[in-house]
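Visitor: Starting off with a structure, shown below.
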Amino acid sequence: MTLRDDLAEVGLHCTIDGAVATMTLHRPEVRNAQKPSMWAGMVDFVTGLGDDVRVVVVRGSGGIFSAGLDLGLIDPARTEEPGNLIATMRMSDAEVVDAIDGYQQAFTALMDPRFISVAAVDGAAIGAGFQLALACDLRVATDRSYFCMKEPALGLVPDLTGTKPLVEAVGYARALEICATARKVDAEEAGQIGLVQELVGADELDATVETLVAALTAHDADAVRATTVLLREAGGRSLEEQRLAERTAQVARLRALVG
């Protein structure tokens, strides 16, 4: 197992064990709240993974996934902190857009089809935490988990790539209701509406994720990656375009199989 000690200072505990990388948000004293330096660390870790990594597991420490943004980002007395939203207003609109683009890279990095990303959610996933879980391909949650898109209650919008996967997971109407009300979606409801793929007891989370990872890595890596690309891009294609994409991908697989 390889441990990235250099990421500890930004609140990440990251390991690589064969085909599985694990990225744990480790700021339990602030409920794993996120900030720009953490996002930069996520990008560094995820984009630096080799092709031998097939699954990336994302989780939080201390019985909570993530309470969202670090409160220092909205504190007018802490404008010297990188990413402070009050200080951001001194920038031009274009500069703010570019800054948010940089923050979003941590989330889009988890959508790389080279691997399958799995959010192991225990406890609260609020705001940026909810969006981090949504950035993952699959979500396993415990029965004490809940999700909340808090941004509208703060006068903000979800801006860390969460809106698209939320609509894809639960549909426009339910996504709108969840966001506009900023209410808590408990574990039972999350399972019912397809927000999570597996719902287990807190003491079963590790074993369930381990079983899922084993299943995800059981088959040909290139075939799984090609299938991941087909599924990820299917929503933006017509049937005819998707049929062509399937045929084209299959040719590559057949040639690989016969050498």
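Here's the yes/no breakdown for (1) at pLDDT below 95; (2) farther than 18 Å from Ser117 by Cβ:
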| residue | (1), (2) |
| --- | --- |
| Asp6 | yes, yes |
| Thr15 | no, no |
| Arg31 | no, yes |
| Val53 | no, no |
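Visitor: In this structure, does Thr24 turn out to be polar (S, T, N, Q), touching a His at 6+ places or on another chain (Cβ under 7 Å) and part of a strand (DSSP E or B)?
Guide: For Thr24, the condition - polar (S, T, N, Q), touching a His at 6+ places or on another chain (Cβ under 7 Å) and part of a strand (DSSP E or B) - is met.
Visitor: Another question about this same structure. Quick test for you: out of Thr228, Thr181, pick the one residue that is modelled with pLDDT of 95 or more and assigned by TED's automatic domain parsing to the domain that holds Ala245. Walk me through it before giving the result.
Guide: Numbers: Thr181 fails: assigned by TED's automatic domain parsing to the domain that holds Ala245.
Step by step, each of Thr228, Thr181 is checked, and only Thr228 is modelled with pLDDT of 95 or more and assigned by TED's automatic domain parsing to the domain that holds Ala245.
Visitor: Out of Val56, Val43, I need the residue that is surrounded by fewer than 22 Cβ atoms within 10 Å (Cβ to Cβ) and under 19 Å from Gln105 (Cα atoms). Which one?
Guide: When all the criteria are applied, what remains is Val43.
Visitor: Scan the range 143-159 and tell me whether some residue there is in contact (Cβ under 8 Å) with a residue 40 or more places away in the chain and among the hydroxyl-bearing types (Ser, Thr, Tyr).
Guide: Scanning the range 143-159, I find at least one residue that is in contact (Cβ under 8 Å) with a residue 40 or more places away in the chain and among the hydroxyl-bearing types (Ser, Thr, Tyr), so the answer is yes.
Visitor: A further question on this structure: Examine the range 81-92 for a residue that is of a type in the set (Lys, Arg), assigned by TED's automatic domain parsing to the domain that holds Val46 and more than 23 Å from Leu212 (Cβ to Cβ), and state whether such a residue exists.
Guide: yes
Visitor: Ok, one more. Specify which of the listed residues (Ala124, Ala77, Ala119, Ala67) is free of Cβ contacts under 8 Å to residues at least 40 places away in the same chain and out of contact with any His (no Cβ under 9 Å at 6 or more places or on another chain).
Guide: Details: Ala124 fails: free of Cβ contacts under 8 Å to residues at least 40 places away in the same chain; Ala119 fails: free of Cβ contacts under 8 Å to residues at least 40 places away in the same chain; Ala67 fails: free of Cβ contacts under 8 Å to residues at least 40 places away in the same chain.
Checking each option against the conditions leaves just Ala77.
Visitor: Another one. Among the listed residues Ala202, Ala190, Ala169, Ala173, which satisfies the condition of being out of contact with any strand residue (DSSP E or B) (no Cβ under 7 Å at 6 or more places or on another chain) and farther than 27 Å from Val43 by Cα?
Guide: Ala173 is the lone residue from the list that is out of contact with any strand residue (DSSP E or B) (no Cβ under 7 Å at 6 or more places or on another chain) and farther than 27 Å from Val43 by Cα.
Visitor: Restricting the search to the range 50-86, which residues are aliphatic (A, V, I, L, M) and assigned to a loop (DSSP other than H, G, I, E, B)? Walk me through it before giving the result.
Guide: Pass one, the range 50-86, residues aliphatic (A, V, I, L, M): 53, 55-58, 64, 67, 69, 71, 73-74, 77, 85-86.
Correct list: Val53, Ile64, Ala67.
Visitor: While we're here: Between residues in the range 233-259 that are over 23 Å from Glu168 (Cα atoms) and residues that are modelled with pLDDT of 95 or more and aliphatic (A, V, I, L, M), which pairs lie under 9 Å by C-beta distance while being six or more apart or on different chains?
Guide: Ala249/Ala226; Ala249/Val229; Ala249/Leu230; Gln250/Ala226; Ala252/Ala226; Arg253/Ala223; Arg253/Ala226; Ala256/Ala223
Visitor: Which residues, counting only those in the range 63-85, are modelled with pLDDT of 95 or more and not hydrophobic (A, V, I, L, M, F, W, C)?
Guide: Gly63, Ser66, Gly68
Visitor: So if I check each of Ala119, Ala128, which one is in contact with a strand residue (DSSP E or B) (Cβ under 8 Å, 6 or more places away or on another chain) and over 25 Å from Arg54 (Cβ atoms)?
Guide: On the way: Ala119 fails: over 25 Å from Arg54 (Cβ atoms).
From the options Ala119, Ala128, the qualifying one is Ala128.
Visitor: Give me the residue from the range 9-25 that is within 19 Å of the chain's Cα centre (by Cα) and more than 20 Å from Val213 (Cβ to Cβ) and, out of that set, surrounded by the fewest Cβ atoms within 10 Å (Cβ to Cβ). Let's see the steps before the verdict.
Guide: First, the residues of the range 9-25 that are within 19 Å of the chain's Cα centre (by Cα): 10-16, 19-25.
Next, only the ones that are more than 20 Å from Val213 (Cβ to Cβ) stay: 10-11.
Details: Val10: 19, Gly11: 22.
Among those residues, the one meeting the criterion is Val10.
Visitor: Which one of Val118, Val43, Val97 is within 29 Å of Asp203 (Cβ to Cβ) and either at pLDDT 95 or above or assigned to a helix (DSSP H, G or I) (or both)?
Guide: Val118
Visitor: From Arg54, Arg59, Arg78, grab the single residue that is out of contact with any Asp or Glu (no Cβ under 6 Å at 6 or more places or on another chain), among the basic types (Lys, Arg) and more than 16 Å from Ala21 (Cβ to Cβ).
Guide: When all the criteria are applied, what remains is Arg78.
The values are calculated or read from the model by the stated rules, or taken from the named source; none is laboratory data. Bear in mind the structure is a predicted one, so any value in this text is a computation, not a measurement. Note that we place each Cβ from the backbone using ideal geometry, even for glycine, and neighbour counts take in every protein chain shown.
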